[in-house]
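Structure first, then comments.
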Amino acid sequence: MDVHITFKPSGRRVQVGQGTTLLQAARKANVYIPTRCDGKAACLMCKVHISQEWAVHAGQPSDAERRKLGPLLDEGIRLSCQARAQSNVEVMIPEDKLKAAVRRQLERQAQEDELW
Ligand code: FES
């Protein structure tokens with residue numbers, strides 16, 4: 001059975017077989033998710049967010065994922081290399097940390113410029 005995975009914020013959508021990891025699906029959709037351990041639940045770089053409404057569609061966390069994420073699981077954080085699509089699911093890709101820092105700096109600068 002095939003399922004559809006939608007990646008936010010880009011809105012890219014891909015069709016994959018049920019049980020495909022979200023990381024594999026992202027690669028198929030040309031959505032970048034950083035990794036260093038190549039899917040071994042070791043680097044924690046592949047975190048994604050899945051809202052409560054979609055959580056059940058990403059399957060139960062593996063033991064490795066539970067150990068690595070702990071309480072972050074309750075916030076909807078999953079390791080994309082471990083979470084497997086069980087049915088159609090929507091996945092939020094967190095903003096790159098460097099891009100987020102640059103964006104915050106630009107926003108601060110714009111606020112300061114408005115004050116002058
Ligand atoms: S790719 Fe390293 S933890 Fe998922």
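Observations, loosely collected:
- Residue list for the stretch 22-42, filter: crowded, with 16+ Cβ neighbours inside 10 Å and in contact with a Leu (Cβ under 9 Å, 6 or more places away or on another chain): LEU22, LEU23, ILE33, THR35, ALA41
- Selection from the stretch 8-32 of residues that are within 16 Å of the ligand (Cβ to nearest atom) and in contact with a Lys or Arg (Cβ under 8 Å, 6 or more places away or on another chain): THR20, THR21, LEU22, VAL31
- For the residues ARG84, ARG108, the requirement of being farther than 21 Å from THR21 by Cα and of a type outside the set (A, V, I, L, M) singles out ARG108.
- Flag for ARG78 being more than 10 Å from the ligand (Cβ to nearest atom) and either open to solvent by less than 20 Å² (accessible area, probe 1.4 Å) or outside any loop (DSSP other than H, G, I, E, B) (or both): no
- Output for the stretch 81-116, where each listed residue is of a type outside the set (A, V, I, L, M, F, W, C), closer than 30 Å to LYS40 by Cα and part of a helix (DSSP H, G or I): LYS97, LYS99
- Listed by position, the strands (runs of 3 or more DSSP E) enclosed by the stretch 1-53 that each have at least 1 residues that are closer than 15 Å to GLN86 by Cα and modelled with pLDDT of 95 or more are 2-8, 12-17.
- Of all positions in the stretch 102-109, none carries a residue that is open to solvent by less than 40 Å² (accessible area, probe 1.4 Å) and either aromatic (Phe, Trp, Tyr) or at negative phi (or both).
The values are calculated or read from the model by the stated rules, or taken from the named source; none is laboratory data. Everything numeric in this text was worked out from a predicted model, so none of it was measured. With ideal geometry, Cβ positions are generated from the backbone for all residues, glycine too; neighbour counts draw on all protein chains shown. Ligands, DNA and RNA are stripped out before the accessible areas are found, and what is left, the full protein with its side chains, is counted by its heavy atoms. Shrake-Rupley method; radii C 1.70, N 1.55, O 1.52, S 1.80 Å.
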